[in-house]
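Structure, as structure tokens:
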Amino acid sequence: MQATAKDTAELRLGSLEELEKLRGELRAAEDPNHTRIIVCHGTGCIANGSAGVTEALKAALAAAGEDIAVMPGIKTTGCHGFCSRGPLVIIKPKNIFYQQVKPGDAEEIVQKTIKAGEMVESLLYEHPQTGEKIETTEDIPFYAGQQRVVLANIGQIDPTKIDDALRAGAYAGAAKALTNMEPKQVIEAVINSGLRGRGGAGFPTGIKWNLAAKHEGGQKYVLCNADEGDPGAFMDRSVMEGDPHAVVEGMIIGGYAIGADTGYVYVRAEYPLAIKHLEKALRDARAYGLLGENILGSGFNFDIRINRGAGAFVCGEETALMRSVEGKVGEPVPRPPYPSDKGLFGKPSVLNNVETWANVSRILDKGADWFAGLGTEKSKGTKVFALVGKVNNVGLVEVPMGIKLREIVMEIGGGVPGSDHFKAVQTGGPSGGCLPWQDADLPVDFDSLIAAGSMMGSGGMIVMDDRDCMVDVAKYFLGFLEEESCGKCFPCRLGVPRLRETLNRFSKGQGTVEDIDDLYSLAEAIKAGSLCALGGTAPNAVLSTLRYFRDEYETHILEHRCPAGVCKDLITYSIDPEVCTGCRACARACPQNAITGEKKKPHTIDESLCIRCGMCFESCKFGAVQVQ
Amino acid sequence: MAQTAIDIDIDEIIERYPGKPEYLIFLLQDIQAAFNYISSEALTLVCDHTGVPESQAYAVATFYNSFSLEPKGENLIHVCLGTACHLKGSGLIAENLMRRLGLDGPGTTEDLKYTVETVNCLGACALAPVAVVNGQYQPKVTSPKLMKTVQKLGDE
Ligand SMILES: Cc1cc2nc3c(=O)[nH]c(=O)nc-3n(C[C@H](O)[C@H](O)[C@H](O)COP(=O)(O)O)c2cc1C
Ligand code: SF4
Ligand code: SF4
Ligand code: FES
Ligand code: FES
């Protein structure tokens, strides 16, 4: 590994010119046509064993030694978004895309692809519908339909090397802002870009900055919300892991614009790799003089600190987050005063989401007009979504605002396994709602989603099929919010559990149709009386599922049936005698000894003993266990 | 993974941060990481250092899910109950594991061998359902697979 300047000596860049000179040198030193092996080292691929793949590739290259004319470099990167296919290996410059690579494949990759320029067929992506093998990243529908702005460098750069980030253009936006623009002009640019916050509410970023900037002089703060509380989403994690400098750069720009000398990043503790990469980015940026005193000779001083979250969803709310940074219990406080007037430690503060900050870097680099040219009239730019659930291509996708839901799920996502449609798509996390297949042509932007009874949220997008129960989903989110409510105001503390209990009864086949109507009035009371949006949006899960799937609720209540086969009290497990081989796997797994049968003969389940734990279902290799 | 109180010097942890209230959570996190729980002695030391009243420190330690005031088991198992994992049946997986270990809910077994906790998303949703056993991610986990892994730990 070649030692970079920052590892050995301080290399403080004193001006914009010095930064651009270094960038030029770094770019010149790297031949873009040189073969390079990229191995994904994002959380997902590491969990799938990519570190072992890297080691094996290194060994295979070393063993091939002199047979290879120009030894390719190996680069480890952040998440490529397609974690479900990991570990991923990409060979540059052709972008040959290998998926589910195992250490044992390294030898073949080196011998065939590196030495002979041939494909390893078995590692190529296969189109889920046509079965066609696809060779390069660009041709895989999952990537072809995306527009990567925030994610542009992720998967291209080694996030632990600032030189690599600089090569890709990092800090150009900050340098421009600090050396050629007045703070006012920076705010104007952000306003003109039309950027709206990516953390959930979609508040115009530039306008928020203006509110804090108007307090002249004195201590101010900028903060980055990296709490990513939405359960089922990992956009912010990927950005911090894969391109931490984009966040750092955005915060420098924000600090300059509002006149803050200190920034805080509040990262959830479940993201150790993101924290590690951020810490490295901060150290390297300091060494280059991109953080600290007199950044790039501009006279502007700014530094960033990291706070780890301690596991409380409500701390994603802005006022609670600030209390938590102060070392206190993370409870929301009433607004006004708004954080832009009295925020962290009582000082004017601006909090933005990770993705918002990363967008700021791009806007200052490429211009407000360029950004305003992406997306729709009122929702500019792109949005990163975590596309998960019952979809063929599970992963992280970035798309222009206004794209149709259908395009995301059915084209980029490759559709729903075993079906030509989705039953529902849940967006907006616990505050959001479910959109039905009828809404497949809905443009995905802030305002259309709200009109349809859901919301953008931070970017969780969960695809559901006929095996997912809408009552269960609503119950799940309410249970989540009940647990995470800070308990400060009583409509939230008492109302949310009441909603959940009602749904609990429905999921047992109890309750009446009148109970459904009561849900509406309870929902109104919770919405009206809650201090923060946790309570204020909690009823959405119920309201949106009732809006589109009321019949499913009624089936539970009136017919005591869960059509999706999910609600535990309404299902039965049985064994299909035609399929059962009598292997006894289920009988061994059953904690209740409810399964009997002779060896090699079809088995049966004694329903009176069954506790519906699903162990038999999971242990049967032949799919003989059925749920009804 | 689990280190005993003897290995680590609590004073060394305390000295990592300036004695200001805003470092309360930092200190609690480092103590939690080092000892797997926060003893009342440790809490007192932290309060002396930061100047935070004990009642307030206690409120903080109980408010946040990642702090535990009781010792945890030798083996720490997290089952993700985030949305993506929930839809892939992680609720049942957690229940089954707890039943197998004789737990009524998340918590620690009497012999202090295992602690089972649930988390709301580990950010590895594409690999749902996910569990983490002693820091090791278990992608696309099933009840039988997880039980086998846990069983092995017990046999060691
Ligand atoms: C209960 C609750 C949880 C929230 N969690 C998050 C979160 O995890 N990440 C986030 O960026 N915003 C979250 N928000 C929104 C923040 O309060 C705030 O609006 C946002 O961080 C502002 O940044 P933006 O303008 O860039 O979107 C949450 C809000 C509420 C009410
Ligand atoms: S709405 Fe709920 S979470 Fe928000 S402040 Fe009130 S009790 Fe706490
Ligand atoms: S669901 Fe559980 S209890 Fe019921 S038969 Fe299957 S393994 Fe036994
Ligand atoms: S972690 Fe490798 S693709 Fe996401
Ligand atoms: S929902 Fe389980 S990892 Fe995200």
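What tally of residues in the stretch A:334-358 results from selecting those that are more than 13 Å from A:Cys224 (Cα to Cα) and part of a helix (DSSP H, G or I)? Total satisfying the criteria: 2. Among the criteria (1) hydrophobic (A, V, I, L, M, F, W, C); (2) within 14 Å of another protein chain (Cβ to nearest Cβ); (3) crowded, with 24+ Cβ neighbours inside 10 Å, the one A:Ile363 does not fulfil is (2). Here the condition is being touching a residue at least 60 places away in the same chain (Cβ under 8 Å) and either out of contact with any Pro (no Cβ under 6 Å at 6 or more places or on another chain) or farther than 25 Å from A:Val388 by Cβ (or both); of B:Ile38, B:Ile77, B:Ile31, it holds for B:Ile77 alone.
A:Val416: within 14 Å of chain B (Cβ to nearest Cβ), within 16 Å of ligand 5 (Cβ to nearest atom) and touching a strand residue (DSSP E or B) at 6+ places or on another chain (Cβ under 8 Å), yes or no?
Numbers: within 14 Å of chain B (Cβ to nearest Cβ): yes; within 16 Å of ligand 5 (Cβ to nearest atom): no; touching a strand residue (DSSP E or B) at 6+ places or on another chain (Cβ under 8 Å): yes.
No: the conditions fail for A:Val416.
Quick one: in the stretch B:92-131, which of the residues that are within 16 Å of ligand 3 (Cβ to nearest atom) and more than 8 Å from chain A (Cβ to nearest Cβ) is farthest from A:Gly86 (Cα to Cα)? Outline the logic, then answer.
Kept after step one, since they are within 16 Å of ligand 3 (Cβ to nearest atom), are these residues of the stretch B:92-131: B:92-100.
Adding the requirement that they be more than 8 Å from chain A (Cβ to nearest Cβ) leaves B:93-94, B:97-98.
Values: B:Ile93: 23, B:Ala94: 25, B:Leu97: 27, B:Met98: 30 Å.
For the stretch B:92-131, the residue satisfying everything is B:Met98.
Only a single criterion out of (1) in contact (Cβ under 8 Å) with a residue 12 or more places away in the chain; (2) away from every other protein chain (no Cβ under 14 Å); (3) of a type outside the set (A, V, I, L, M, F, W, C) is not satisfied by A:Gln185, namely (1). Only one of the listed residues (A:Leu534, A:Leu546, A:Leu558) is more than 16 Å from ligand 4 (Cβ to nearest atom), more than 14 Å from every other protein chain (Cβ to nearest Cβ) and either closer than 26 Å to A:Pro491 by Cβ or in a strand (DSSP E or B) (or both). That residue is A:Leu546.
Restricting attention to the stretch A:303-333, which residues are in a strand (DSSP E or B) and either within 16 Å of ligand 3 (Cβ to nearest atom) or more than 13 Å from A:Leu223 (Cβ to Cβ) (or both)? Give the steps one after another, and end with the answer.
Kept after step one, since they are in a strand (DSSP E or B), are these residues of the stretch A:303-333: A:303-308.
Within the stretch A:303-333, A:Asp303, A:Arg308 qualify.
Residues in the stretch A:589-612 that are part of a loop (DSSP other than H, G, I, E, B), of a type in the set (S, T, N, Q) and more than 6 Å from ligand 3 (Cβ to nearest atom): A:Asn593, A:Ser608.
Looking at A:Val399, is it buried (at least 24 other Cβ atoms within 10 Å of the Cβ), part of a strand (DSSP E or B) and more than 16 Å from ligand 3 (Cβ to nearest atom)? Break it down stepwise before answering.
Numbers: buried (at least 24 other Cβ atoms within 10 Å of the Cβ): no; part of a strand (DSSP E or B): yes; more than 16 Å from ligand 3 (Cβ to nearest atom): yes.
The answer is no for A:Val399.
In the set (1) over 30 Å from A:Thr502 (Cβ atoms); (2) assigned to a loop (DSSP other than H, G, I, E, B), the condition left unmet by A:Cys586 is number (2). Filtering the stretch A:451-468 for residues that are away from every other protein chain (no Cβ under 12 Å) and hydroxyl-bearing (Ser, Thr, Tyr) leaves a non-empty set.
So which residues in the stretch A:247-294 are of a type in the set (S, T, N, Q) and away from chain B (no Cβ under 14 Å), if there are any at all? Explain how you work it out, then say what you get.
Step one: of the stretch A:247-294, the residues of a type in the set (S, T, N, Q) are A:262, A:294.
Within the stretch A:247-294, A:Asn294 is the sole residue that qualifies.
From the list B:Gly123, B:Gly89, B:Gly102, the lone residue that is within 16 Å of ligand 1 (Cβ to nearest atom) and on the phi > 0 side of the Ramachandran plot is B:Gly123.
Would you check if there is a residue in the stretch A:494-508 being more than 28 Å from A:Val384 (Cβ to Cβ), more than 16 Å from ligand 2 (Cβ to nearest atom) and within 13 Å of chain B (Cβ to nearest Cβ)? Looking through the stretch A:494-508, at least one residue is more than 28 Å from A:Val384 (Cβ to Cβ), more than 16 Å from ligand 2 (Cβ to nearest atom) and within 13 Å of chain B (Cβ to nearest Cβ).
Quick check, is A:Leu151 within 16 Å of ligand 4 (Cβ to nearest atom) and in contact with a strand residue (DSSP E or B) (Cβ under 7 Å, 6 or more places away or on another chain)?
Details: within 16 Å of ligand 4 (Cβ to nearest atom): yes; in contact with a strand residue (DSSP E or B) (Cβ under 7 Å, 6 or more places away or on another chain): yes.
Criteria met by A:Leu151.
Of all the residues in the stretch B:23-46, those that are within 12 Å of chain A (Cβ to nearest Cβ) and over 14 Å from the mean Cα position of the chain (by Cα) number 6. It is to be established whether one or more residues within the stretch A:529-536 are without any contact (Cβ under 8 Å) to a residue 60 or more places away in the chain and away from ligand 1 (no atom under 16 Å from the Cβ). No - not one qualifying residue is present in the stretch A:529-536. Within the stretch A:479-490, at least one residue is free of Cβ contacts under 8 Å to residues at least 12 places away in the same chain and either more than 14 Å from every other protein chain (Cβ to nearest Cβ) or away from ligand 5 (no atom under 16 Å from the Cβ) (or both).
Against the numbered list (1) buried (at least 22 other Cβ atoms within 10 Å of the Cβ); (2) touching a strand residue (DSSP E or B) at 6+ places or on another chain (Cβ under 7 Å); (3) over 24 Å from A:Ala312 (Cβ atoms), B:Lys113 comes up short only at (1).
State all residues of the stretch A:334-346 that are surrounded by fewer than 16 Cβ atoms within 10 Å (Cβ to Cβ) and either within 19 Å of A:His215 (Cβ to Cβ) or within 14 Å of chain B (Cβ to nearest Cβ) (or both); if no residue qualifies, say none.
Start the filter on the stretch A:334-346 by keeping residues that are surrounded by fewer than 16 Cβ atoms within 10 Å (Cβ to Cβ), which leaves A:334-338, A:345-346.
Hits for the stretch A:334-346 are A:Arg335, A:Pro336, A:Pro337, A:Tyr338, A:Phe345, A:Gly346.
Rule-based calculations on the coordinates, nothing more; no lab input. The model shown is predicted, which means the values in this text are computed figures rather than measured ones. Cβ coordinates were reconstructed from backbone atoms using ideal geometry, including for glycine residues, and neighbour counts include every protein chain displayed.
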